[in-house]
Amino acid sequence: MNATACKIQKLGDIITLEKGKPPTQQPYFGPDAELYLTPEYLRRRGAAEPVKASANAVRVSDGDSIVLWDGSNAGEFFRGRKGILASTMSRIQHGETFDKKYFFYAVKNWESYLKGQTSGSGIPHVDKDVLGKIEIFEFDKYEQTKIAEILSTVDRAIEQTEALIAKQQRIKTGLMQDLLTRGIDEHGNLRSEQTHKFKDSPLGRIPMEWEVLKWSEVSSKIQDGTHFSPRTDESAEFKYVTSRNIKFGYLDLSDVEYINRRQHDEIYKRCDVLPGDVLLTKDGANTGNAAINLLKEPFSLLSSVAFIRPKKGKLTSMFLLQAILSENGQRLIKDSMSGLAITRVTLEIINNFLIKIPPIQEQNNIGEFLAVEDRRINMEAKKLAKFHSLKTALMQDLLTGRKRVTALQNDIDVVSVAPLNVLEKEDLR
């Protein structure tokens, strides 16, 4: 079979739109209260508020296809949940010839295009004509169902992995709070004031063995990068790292720029980054992101990034990294930022930051405990990225007729129409 063996339908010929209406009362806690569907709720990032529905309210059922009609994300598609539709969204109704789940995936495949074609000089909104000209394939009902099953399988893997990552991050946050404030004794036990001696410090109560010192006292060098922007060249040989390459806990060089030797030598006199240095973003929206430099070859930095070189025998790179990434570390940095157009934290302030310092062996132990959690989270994050890439490829193949699902294939064969073999069995449960 090929793509020409099925109909191609324009949405304008097969759908009707129902725009949501404002509720009569919000919030409302009477016996006839209904949930008000907002974008955040449909993204599963917030709760739905109870409201008193208006007389012409649009009531949504589970699985209905919804499009965000107004606002900065106009053109985003949602799978509906039972409730009252918000006034910024529209329900898309279609005929019985379309499987409900398949139809949602078919329009979702056009989301980026539709979001790029919004209109309006003030608040952007979906262009109805553009929406109406979108074309989707009307496969036979069996094939629609099988396509939806395949994509739903990957969606479940994505949801399960996201839930696991969230759980692991909660576990790590709890560990960080305990280990970076109370630490672990020589027997591997978490300290408490009931069993160990503590003392007062500028940062609150700390174990008797710990100190509170300035970053400058436990670092051999704290320096930022160049304050001018060199000319980048993809064919040059030296990496040029900016704040966009510093993620929350790791260095991402998937989109790094390069500069030539002359520019590098000029910059490197100022920012001679070494393996083991901790890189910290100090300017802009990403301020507070930090990573350990694991690169052996030299590279150059922009001024939006500082590097901190811990003193040997006094501070470990991993302990400093975890202290920066902790809730207290992030709060310290955010509270120290200044500036109007571009917010930043200065080198002077960074030098004077205070940090709790355990004995070096205890720092190693704490760092390794938390690094184990990081490796678990990173492993799942890589798996999640793989699932997202797989879903994108499947949608491009199955929803355009490039790869076909036929009644001659059993469930296992259906999965093989695309590289689903990268999903391990436990990921499909």
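Screening segment 285-294 for residues that are within 18 Å of the chain's Cα centre (by Cα) and either at positive phi or not in a loop (DSSP other than H, G, I, E, B) (or both) and picking the one that is surrounded by the fewest Cβ atoms within 10 Å (Cβ to Cβ) gives Gly288. In the set (1) under 21 Å from Leu213 (Cα atoms); (2) in a loop (DSSP other than H, G, I, E, B), Glu297 fails one condition alone, (1).
More than 23 Å from Tyr41 (Cα to Cα) and either part of a strand (DSSP E or B) or not assigned by TED's automatic domain parsing to the domain that holds Leu390 (or both) - does that describe any residue in segment 104-111? No, that holds for no residue. Restricting attention to segment 59-90 and to residues that are part of a strand (DSSP E or B) and in contact with a Leu (Cβ under 6 Å, 6 or more places away or on another chain), the residue that is surrounded by the most Cβ atoms within 10 Å (Cβ to Cβ) turns out to be Met89.
For the residues Phe319, Phe248, Phe307, the requirement of being out of contact with any Cys (no Cβ under 6 Å at 6 or more places or on another chain), assigned to a strand (DSSP E or B) and of a type in the set (A, V, I, L, M, F, W, C) singles out Phe307. Residues in segment 300-339 that are of a type in the set (Lys, Arg) and touching a Lys or Arg at 6+ places or on another chain (Cβ under 7 Å): Arg309 only. The one condition from (1) crowded, with 16+ Cβ neighbours inside 10 Å; (2) at pLDDT 90 or above; (3) over 21 Å from Asp335 (Cα atoms) that Trp215 does not meet is (3). Checked against (1) touching a residue at least 40 places away in the same chain (Cβ under 8 Å); (2) closer than 18 Å to Leu131 by Cβ, Arg79 passes all but a single condition, namely (1).
Taking segment 165-205 on its own, how many of its residues are buried (at least 16 other Cβ atoms within 10 Å of the Cβ), closer than 30 Å to Ser389 by Cα and of a type in the set (A, V, I, L, M, F, W, C)? Qualifying residue count for the region: 1. Residues considered: Leu279, Leu213. Of these, the only one that is part of a strand (DSSP E or B), under 28 Å from the mean Cα position of the chain (by Cα) and closer than 24 Å to Lys311 by Cα is Leu279.
Tallying residues that are touching a residue at least 40 places away in the same chain (Cβ under 8 Å) and within 23 Å of Gly329 (Cα to Cα) within segment 150-184 yields 14.
When segment 1-25 is limited to residues that are farther than 27 Å from Tyr36 by Cα and polar (S, T, N, Q), the one that is modelled with the highest pLDDT turns out to be Gln9.
For the residues Ile366, Ile357, Ile342, Ile349, the requirement of being under 24 Å from the mean Cα position of the chain (by Cα) and either in contact (Cβ under 8 Å) with a residue 24 or more places away in the chain or closer than 30 Å to Asp224 by Cβ (or both) singles out Ile342. Residue selection: Arg43 fails the criterion of being within 26 Å of the chain's Cα centre (by Cα), on the phi < 0 side of the Ramachandran plot, modelled with pLDDT of 95 or more and surrounded by fewer than 18 Cβ atoms within 10 Å (Cβ to Cβ).
Each residue in segment 106-148 was checked for being under 26 Å from the mean Cα position of the chain (by Cα) and either at positive phi or not hydrophobic (A, V, I, L, M, F, W, C) (or both), and 11 of them qualify.
Only one entry of Ile355, Ile333, Ile366, Ile342 meets the criterion of being within 20 Å of Gly288 (Cα to Cα), in a helix (DSSP H, G or I) and of a type outside the set (Ser, Thr, Tyr), and that entry is Ile333. Cβ-Cβ contacts under 9 Å between residues 6 or more apart (or on different chains), taken from a first residue in segment 294-314 that is outside the structural domain of Gly276 (by TED's automatic domain parsing) to a second residue that is surrounded by 15 or more Cβ atoms within 10 Å (Cβ to Cβ) and at pLDDT below 90, are absent. Does any residue of segment 15-36 turn out to be surrounded by fewer than 21 Cβ atoms within 10 Å (Cβ to Cβ), in contact with a helix residue (DSSP H, G or I) (Cβ under 7 Å, 6 or more places away or on another chain), over 18 Å from Leu131 (Cβ atoms) and not hydroxyl-bearing (Ser, Thr, Tyr)? Checked segment 15-36: no residue is surrounded by fewer than 21 Cβ atoms within 10 Å (Cβ to Cβ), in contact with a helix residue (DSSP H, G or I) (Cβ under 7 Å, 6 or more places away or on another chain), over 18 Å from Leu131 (Cβ atoms) and not hydroxyl-bearing (Ser, Thr, Tyr).
Report yes if some residue within segment 251-269 is under 31 Å from the mean Cα position of the chain (by Cα) and hydroxyl-bearing (Ser, Thr, Tyr); otherwise report no. For segment 251-269, residues under 31 Å from the mean Cα position of the chain (by Cα) and hydroxyl-bearing (Ser, Thr, Tyr): present.
The values are calculated or read from the model by the stated rules, or taken from the named source; none is laboratory data. Note that the coordinates shown come from a computational prediction; the quantities given were computed from them, not determined experimentally. Note that we place each Cβ from the backbone using ideal geometry, even for glycine, and neighbour counts take in every protein chain shown.
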